[in-house]
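First the structure, in the form of structure tokens, and then the observations on it.
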Amino acid sequence: MTRLFSVYGDSISSFEGALPEGWRVFYEGEQRAATGVDSVADTWWGQVIDHFEGELLANAAWSGCVVEGTEFPVGASAERIAALARDGRAPDDIIVHIGINDYGWGSGDAQIAAATPSAPPKLAAACPYHGREAGMAPEGAVANFAASYGRMVDQMRERWPEARIWVSTLLPGRVSGARRPTSPRYFRGVCVDEYNDAIRAVAAAREGCYLVDMAAFGFDYDAVDGTHPTAKGMRQMAALFIRGMEQACAELPRTPYAGADLLTEDMRSAEFCTRPCVGCEHARGTGNSWWHVCERQLADA
């Protein structure tokens, strides 16, 4: 029987027409043209589902969302998790790639203060700090992320007890065409490895939750702006996600997959700086309009 896959994530997993009506999407219009991601078949998740001969049931991605918190549309909101089903059918597999916005903002409160369209609207409306610019991540940022990530997975397990939940670590994106890594690892003073360790701990502590440790393979993916994958980056992500699924579950079939040939040595990840990007002259942007890009790394690109 064909397995039903549902997708959970942020802008990287969004696509025009695949999300519930009115939900925020990145891959639409000009962004599709700029990235070359022109159909569901071009997305990382579409390629993963196709590789395992599955069927897409539902996509509950929300562009720009964080995990932290409980109010819609954060990752741990009950409404988002309910959207993993469709037409009375429950998912057999839930593939999850989420958390880069938590690293990017440093906290859910920072996004709420900025009152972005992806922040919980009620909390943003009641926030007394509208317009406050995001800076360094506050103390406890990773602990708050870990608690919310665990809550998210627990709600998925409670709502869909028969589903296999595949959660992935976060990958560094590289500005398309750059010859060196461009993604900073200490953006707001906290290393992205700490967020990945939180994801690993959540997966290890829960039955039916499989860790897809994409970061452990040590590759960047090609990204139009340092974060959002191009068509090439989507193929790279798909190859890494499939490889991670195979490592996490011995029962899965081992078959060749498209995109594996794009995991080349020149796309190896590297730590090039341990300074925070906040206050650094080489950072492309660290306020409420932030970019995971170090301009110094682009100097020779």
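At what distance in angstrom do the alpha carbon centres of region 201-249 and region 84-103 lie from each other? Each part reduced to its Cα centre gives a spacing of 15 Å.
The Cβ shell under 14 Å around V74 holds other residues with a net charge of -2, Lys and Arg each +1, Asp and Glu each -1. Loop-located GluC sites (Glu not before Pro) in region 210-301 (DSSP state other than H, G, I, E, B) with a sparse environment of at most 14 neighbouring Cβ atoms within 10 Å: E251, E271, E281. Dipole check for the chain: with +1 at the C-beta of Lys and Arg, -1 at the C-beta of Asp and Glu, and the Cα centre as origin, the magnitude is about 320 Debye. The residues neighbouring P20, those whose beta-carbon lies less than 12 Å from its own, together hold a net charge of +1 under the Lys/Arg +1, Asp/Glu -1 convention. The trypsin sites (Lys or Arg not before Pro) of region 243-286 that DSSP puts in a loop, and whose beta carbon has at most 16 other beta carbons within 10 Å, are R254.
Summarising the strand pairing of region 1-150, around 10 percent of its internal DSSP beta bridges are antiparallel. Taking every DSSP beta bridge with both residues inside region 139-252, roughly what % is antiparallel (nearest 5)? Once the DSSP bridges in region 139-252 are tallied, antiparallel ones form about 10 percent. Once the Cα-Cα distance is subtracted from the 0.36 nm per residue extended length, the C273 to R86 segment shows a gain of 62.9 nm. Under 1.5 on a/c is rounded, so check that first for region 1-114, then, if it is not, pick prolate when a/b is larger than b/c and oblate when it is not; a ≥ b ≥ c are the square roots of the alpha carbon gyration tensor eigenvalues. Since a/c reaches 1.5 but b/c is at least a/b, the shape of region 1-114 is classed as oblate. Expressed per residue, the C-alpha convex hull volume of the chain stands at 123 Å³. Distances between every pair of Cα atoms in region 200-301, grouped in 10 Å steps from 0 to the bin holding the largest one, split as 13, 35, 32, 17, 3 percent. Each Cα pair under 8 Å and six or more residues apart adds its separation to the average, and for the chain the resulting relative contact order is 19 percent. Counted residue by residue at 0.36 nm each, then reduced by the alpha carbon distance between them, the extension gain from E265 to N288 reaches 4.9 nm. Peptides 152-164, 129-141 ranked from most to least packed, by the mean per-residue count of other Cβ atoms within 10 Å: 152-164, 129-141.
The numbers here are math on the coordinates, done by the rules we state, and not lab data. Values in this document were obtained by computation on a predicted structure and should not be read as measured data. Ideal geometry is used to build each Cβ from the backbone, glycine not excepted, and the neighbour counts take in all protein chains shown.
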